[in-house]
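Worksheet: the structure to be examined is printed underneath.
The values are calculated or read from the model by the stated rules, or taken from the named source; none is laboratory data. All figures in this text were calculated on a predicted structure; none of them were measured in a lab. Cβ: placed from backbone, ideal geometry, glycine included. Neighbour counts: every protein chain shown.
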Amino acid sequence: MNAPVNPKELELQTVEFKLDGKTIVSYEGETILKAAKRHGIDIPHLCFKDGYRADGNCRACVVEINGERTLAPSCCRSATPGMDVKANSERALKSQKLVLEMLLSDMPDEGFKWVGDSKEEEQKNQHGELSTWAARLDVTVRPELKALRREKVSHDVSHPAMAVNLDACIQCNRCVRACREEQVNDVIGYAMRGSHSEIVFDLNDPMGDSTCVACGECVQACPTGALMPKGLIGSQTVDRKVDSVCPFCGVGCQITYNVKDEKIVSVEGRDGPANHNRLCVKGRFGMDYIHNPQRLTKPLIRKAGVAKDETLLEGKQDWSDIFREATWEEALELAGGGLKKLKDQYGNKVLAGFGSAKGSNEEAYLFQKLVRTGFGSNNVDHCTRLCHASSVAALLEGVGSGAVSNQVNDVEHSSLIFLIGSNPTANHPVAATWFKNAAKRGAKIVLCDPRATEISKHAWRTMQFKPDTDVAMLNAMIYTVIEEGLVDKDFVENRSNNFEALKENIKGYSPEAMAPICGIPAETLREVAREFATTKSAMILWGMGISQHVHGTDNARCLIALVSITGQIGKPGSGLHPLRGQNNVQGASDAGLIPMMFPNYQRVDNPEAHAWFEKFWDTPLDKKPGYTVVEIMHKITAPDSDPDKIRGMYVEGENPAMSDPDLNHARHALASLDLLVVQDIFMTETALLADVVLPASAWPEKVGTASNTDRMVQMGKKAINPPGDAKPDLWIIQQIAKRMGLNWNYQGADDGVAEVYDEMRQAMHAAINGITWERLEKESSVTYPCLSAEDPGRPIVFDDKFDTKDGRVKLVPADIIPANERPDAEYPFVLITGRQLEHWHTGSMTRRATVLDAIEPMATVSMHGEDMTQLGVSAGDVITVQSRRGEVAIHVRRDDGTPRGVIFIPFAYYEAAANLITNSALDPFGKIPEFKYCAVKLARGGQAAPVMGYGTNDPSRKQAVVTC
């Protein structure tokens, strides 16, 4: 239980040495090349890349060291006191130039082809960094060397995102290190020997047929264009570069948009604190969704006499048959004015709003303020209700905060990484790289999940427990820690409450008793529990496999208890981290986009908080918590006699007609509303049921902040304008507010965004007090809590006390609660739903991205090979999956990591909408639906969807495959 020393806090020793006659200072262990770069001194280099292990194989960076016979690669050689180094000596320059000339002589005649530049610039940049260094050192290739050029290698354009041109490969090994050491995907390697050696993918497969996950790290690493994005072939010139943050998952990768002709033509990873240049396939190749021709560009109003058809699927009917174009004034009057009429007629409880975790903090804050001050109720929610609501409920109860204790890449200090209910290689791919890096360094990964996912290849132990038995398994571990005397007594005595109740409750949960229930051998449960308790630093990270159950809050309570009784929290490499899903679900929750909390998790029924916000917003506020996502759907279909019956809704950037459980009921509810206003960038399934559709802005088309899973507030910048008459979301929200009778007038920097942010900062009650708009513009990312301008932020919290009233963690015992719906003779299989690597949430963005759609174009159900054999189907066949609520016909994918008796369906596909099947039963504390467990039956055959996708890659594509 000893706290490890954080290397980042050590004071680095310095070393003085001479470089080209100038005395410079380097840090102990720093290489000559890095020290030179820090001091603005250029030494040519090709195989070296910041952040990567130095390889020293290109020899372009050699320097002369006084007293040494041979030249030394500066990328590998550390400076020592008094060393005299010459990078520009005659001997060093001659060698550097010779290396560049020989490499350049083997290049193809056409490389990057920087079209649009002058001939001189084209020549300088023809082969990327190689040409750039050659031009700077005035290197030209002698004709006799060109005559010895190697045999031409054919191009590989089999991958939808990347092109391979090994003619331009200099075997610098950067792509190999990128793939094997940074991203740890182990796809790229070397084959053959000597002069015949070459870069290969897997077993010399075409890139498009390999196991490549299209993270693009190799493309970003390649210095010559041997690997490059297909979208940049023919021209590398861009009009401008704009720094921002990725709009997909909650990792919060910092990115740079490359803009040409008012289009984002490529994306690069930035050296941000969460990603350090790394990206996944969505962040690097999924941004062209914003240029999809299906973008909404005009306000739309439902045509008179056109009924709302809840059975209508996107793609079966052109939306122009349903809606007519309107002016902004007409649409806003019908939207805002219509909502106000309903409120005036029926009272404050009849309206509700769903905000978005895909937008900015400022939009989330203003949206919840609109609902509370304009609609007059707390009926406001967003997709946190569908992902980590139960985790937050347990965290607020136990540790007093709804956010993480440590940041993702703090696992570099972990000796054990406990991953449970998470598939990080698919859902948080960049975060997964830090786990894989840690495993390569010797950290032990324990994977606990009903499915054996990709990360299991790197795990020390994989505990593939039976679905729905989380509490049984975790309680068995807690039992072991207590029974075997592994409790951190000092921590428990001084920093926790309720330990005796936990100890008493756990008595019936021995590993031997729980093994038959959870399916994990007792000796394995004990082994993992001992390792967790006795290792130097253990960190728990979890996903929606923990939260999306009727016992989701209890699952998280067990995790809190496990880290607390072992003292594995409040220090580097130890703690609790619920991996947040959406890019701004953390920030939207912080900003108060939830029905029971004002900003910064201040309860609406707390008299002190209620009084403060009434004064702050200068308006009376409802004292009663509002309804959550699923509850709102039930209140829409309530009888007219119910005073809380909801009759009007404003939905901004959410798609409940795809994301809610039991979609037949949810769609019926949405179609039953007197007025539904939808604000989005595409005609989503929810928008098809609307009365008014307002065209909004995508993330790269506006300025705003987002808060990632690591508690980092980060700045997103505008790269291009919205298309047509589409407007920024913040502007639309204010226009609705105006028609609700609110007198808002946000002005100033970035069209009022900065002023809204500053108001939110005040409402957050010191949590982000030190993170001003000006500071974010300068620093891009700041971690909270951050109490003052001088405060650097706290990456690790709970090191001295918890955020509870008494500063102690509250240990809450949990007992086994079965799923709401168990398999039986009629419905013998268990359905688990979730996301895929390529597609995000309901797919409205990612399925309109060309590369993502090409890689993963259709819905599939994953099932074990033995279950397939028993059912009499093969991969690619169609089966029908049916629950008590609905059914889908879907193609089969073999996955032996999915246990027998269980199937997995991603919920991004409207053609086979998984949520037609799911159960709307709720966790009583977090009010989250049970997406991770319901009973289904399977049958061979079925009618495949007549339309597949959104025609992103082939507009004429109508039929998926012939059904069996």
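Taking the condition of being among the aliphatic types (A, V, I, L, M) and within 21 Å of A178 (Cα to Cα), how many residues in segment 205-246 meet it? Write out each step before concluding.
Taking segment 205-246 as the starting set, the residues that turn out to be among the aliphatic types (A, V, I, L, M) are 207, 213-214, 219, 221, 226-228, 232-233, 238, 242, 245.
Pick out the ones that are also within 21 Å of A178 (Cα to Cα) and you get 207, 213-214, 219, 221, 226-228, 232.
Result for segment 205-246: 9.
Against the definition (touching a residue at least 60 places away in the same chain (Cβ under 8 Å) and of a type in the set (A, V, I, L, M)), how does V678 come out, yes or no?
It is false that V678 is touching a residue at least 60 places away in the same chain (Cβ under 8 Å) and of a type in the set (A, V, I, L, M).
Can we say P899 is within 24 Å of the chain's Cα centre (by Cα) and in contact (Cβ under 8 Å) with a residue 12 or more places away in the chain?
no
Taking into account only those residues within segment 49-92 that are among the acidic types (D, E), part of a loop (DSSP other than H, G, I, E, B) and in contact (Cβ under 8 Å) with a residue 24 or more places away in the chain, which is nearest to C222 (Cα to Cα)?
D50
Would you mind telling me which numbered condition in (1) in contact with a Gly (Cβ under 7 Å, 6 or more places away or on another chain); (2) modelled with pLDDT of 95 or more V187 fails?
Unmet condition: (1).
Can you pull out the residues in segment 853-886 that are free of Cβ contacts under 8 Å to residues at least 40 places away in the same chain and surrounded by fewer than 18 Cβ atoms within 10 Å (Cβ to Cβ)?
Result: G865, E866, T869, Q870, S874, A875.
Being closer than 22 Å to E701 by Cβ and either surrounded by fewer than 17 Cβ atoms within 10 Å (Cβ to Cβ) or within 26 Å of the chain's Cα centre (by Cα) (or both) is the filter here; which residues of segment 752-771 pass it?
Residues satisfying the conditions are V753, A754, V756, Y757, M760.
Considering (1) modelled with pLDDT under 95; (2) β-branched (V, I, T); (3) in a loop (DSSP other than H, G, I, E, B), say which one V213 fails and leave the rest.
(1)
Identify, from the list A944, A960, the residue that is part of a loop (DSSP other than H, G, I, E, B), of a type in the set (A, V, I, L, M), in contact with a strand residue (DSSP E or B) (Cβ under 7 Å, 6 or more places away or on another chain) and modelled with pLDDT under 95. Even if it seems obvious, please write down each step before you answer.
Working: A960 fails: in contact with a strand residue (DSSP E or B) (Cβ under 7 Å, 6 or more places away or on another chain).
After applying the criteria, what remains is A944.
Of the residues in segment 515-540, how many are more than 34 Å from the chain's Cα centre (by Cα) and either surrounded by 24 or more Cβ atoms within 10 Å (Cβ to Cβ) or not hydrophobic (A, V, I, L, M, F, W, C) (or both)?
2
Quick one: which strands (runs of 3 or more DSSP E) sit completely within segment 381-486 and have at least 3 residues that are small (G, A, S), more than 14 Å from P578 (Cβ to Cβ) and touching a Phe, Trp or Tyr at 6+ places or on another chain (Cβ under 8 Å)?
none
With the structure loaded, tell me whether N769 is under 26 Å from L579 (Cα atoms) and outside any helix (DSSP H, G or I) or whether it fails that test.
Yes.
Which of the residues belonging to segment 123-151 are over 39 Å from the mean Cα position of the chain (by Cα), free of Cβ contacts under 8 Å to residues at least 24 places away in the same chain, surrounded by fewer than 17 Cβ atoms within 10 Å (Cβ to Cβ) and in a helix (DSSP H, G or I)?
Passing the criteria: Q123, P143, E144.
Here is a check on your reading of the model: is V782 of a type in the set (V, I, T) and more than 25 Å from V563 (Cα to Cα)?
yes
Taking the conditions exactly as written (surrounded by fewer than 18 Cβ atoms within 10 Å (Cβ to Cβ), at pLDDT below 95, under 21 Å from A135 (Cβ atoms) and out of contact with any helix residue (DSSP H, G or I) (no Cβ under 9 Å at 6 or more places or on another chain)), does D42 satisfy them or not?
So D42 fails the test.
Being among the hydroxyl-bearing types (S, T, Y) and under 28 Å from K932 (Cα atoms) is the filter here; which residues of segment 530-575 pass it?
S547, T553, S564, S574
If I filter segment 265-296 down to residues being part of a strand (DSSP E or B) and surrounded by fewer than 21 Cβ atoms within 10 Å (Cβ to Cβ), which single residue comes out as nearest to the chain's Cα centre (by Cα)?
Applying the filter and picking the extreme gives E268.
For segment 152-186, enumerate the residues that are within 24 Å of A849 (Cα to Cα), surrounded by 20 or more Cβ atoms within 10 Å (Cβ to Cβ) and touching a Lys or Arg at 6+ places or on another chain (Cβ under 9 Å).
H159, A161, M162, A163, Q183, N185
Quick one: P572 ticks every box in (1) at pLDDT 95 or above; (2) not assigned by TED's automatic domain parsing to the domain that holds G402; (3) not aromatic (F, W, Y) bar one, so which box is it?
(2)
From the residues in segment 305-333 that are part of a loop (DSSP other than H, G, I, E, B) and at pLDDT 95 or above, which one is surrounded by the most Cβ atoms within 10 Å (Cβ to Cβ)?
Restricting to residues being part of a loop (DSSP other than H, G, I, E, B) and at pLDDT 95 or above, the top hit is A326.
For segment 66-84: of the residues being among the hydrophobic types (A, V, I, L, M, F, W, C) and touching an Asp or Glu at 6+ places or on another chain (Cβ under 7 Å), which is surrounded by the fewest Cβ atoms within 10 Å (Cβ to Cβ)? Let's see the steps before the verdict.
Start the filter on segment 66-84 by keeping residues that are among the hydrophobic types (A, V, I, L, M, F, W, C), which leaves 71-72, 75-76, 79, 83.
From what's left, touching an Asp or Glu at 6+ places or on another chain (Cβ under 7 Å): 71, 79.
Details: L71: 19, A79: 28.
Of everything passing the filter in segment 66-84, L71 is surrounded by the fewest Cβ atoms within 10 Å (Cβ to Cβ).
Please specify each residue of segment 28-39 satisfying the condition of being at pLDDT below 90 and of a type outside the set (D, E).
Across segment 28-39, the qualifying residue is only G29.
Please specify each residue of segment 164-208 satisfying the condition of being outside any loop (DSSP other than H, G, I, E, B) and under 26 Å from the mean Cα position of the chain (by Cα). Walk me through it before giving the result.
Applying the first criterion (outside any loop (DSSP other than H, G, I, E, B)) to segment 164-208 yields 164, 166-168, 174-182, 188-191, 194-196, 198-201, 205, 207-208.
Selection gives R174, C175, V176, R177, A178, C179, R180, E181, E182, I188, M207, G208.
State the number of residues belonging to segment 789-806 that are loosely packed, with under 13 Cβ neighbours inside 10 Å and either within 24 Å of V492 (Cβ to Cβ) or in contact with a Leu (Cβ under 6 Å, 6 or more places away or on another chain) (or both). Spell out how you get there, then give the answer.
The initial filter retains those residues of segment 789-806 that are loosely packed, with under 13 Cβ neighbours inside 10 Å, namely 789-790, 792, 800, 805-806.
After this cut, where a residue has to be either within 24 Å of V492 (Cβ to Cβ) or in contact with a Leu (Cβ under 6 Å, 6 or more places away or on another chain) (or both) as well, the list is 800, 805-806.
Matching residues across segment 789-806 total 3.
Can you confirm whether segment 458-478 contains a residue that is surrounded by 19 or more Cβ atoms within 10 Å (Cβ to Cβ) and aromatic (F, W, Y)?
yes
How do the pairs read when you match residues in segment 909-921 that are touching a residue at least 40 places away in the same chain (Cβ under 8 Å) and more than 15 Å from A889 (Cβ to Cβ) with residues anywhere that are outside any helix (DSSP H, G or I) and of a type in the set (A, V, I, L, M), using Cβ under 7 Å and keeping only pairs 6 or more apart or on different chains?
Close Cβ pairs (under 7 Å, with a partner that is outside any helix (DSSP H, G or I) and of a type in the set (A, V, I, L, M)) amount to A921/V550.
Rundown of residues vs (1) more than 23 Å from L386 (Cα to Cα); (2) not polar (S, T, N, Q), yes/no style:
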position	(1), (2)
G843	no, yes
T850	yes, no
A854	yes, yes
S862	no, no
V892	yes, yes
N915	no, no
T918	no, no
P924	no, yes
P929	no, yes
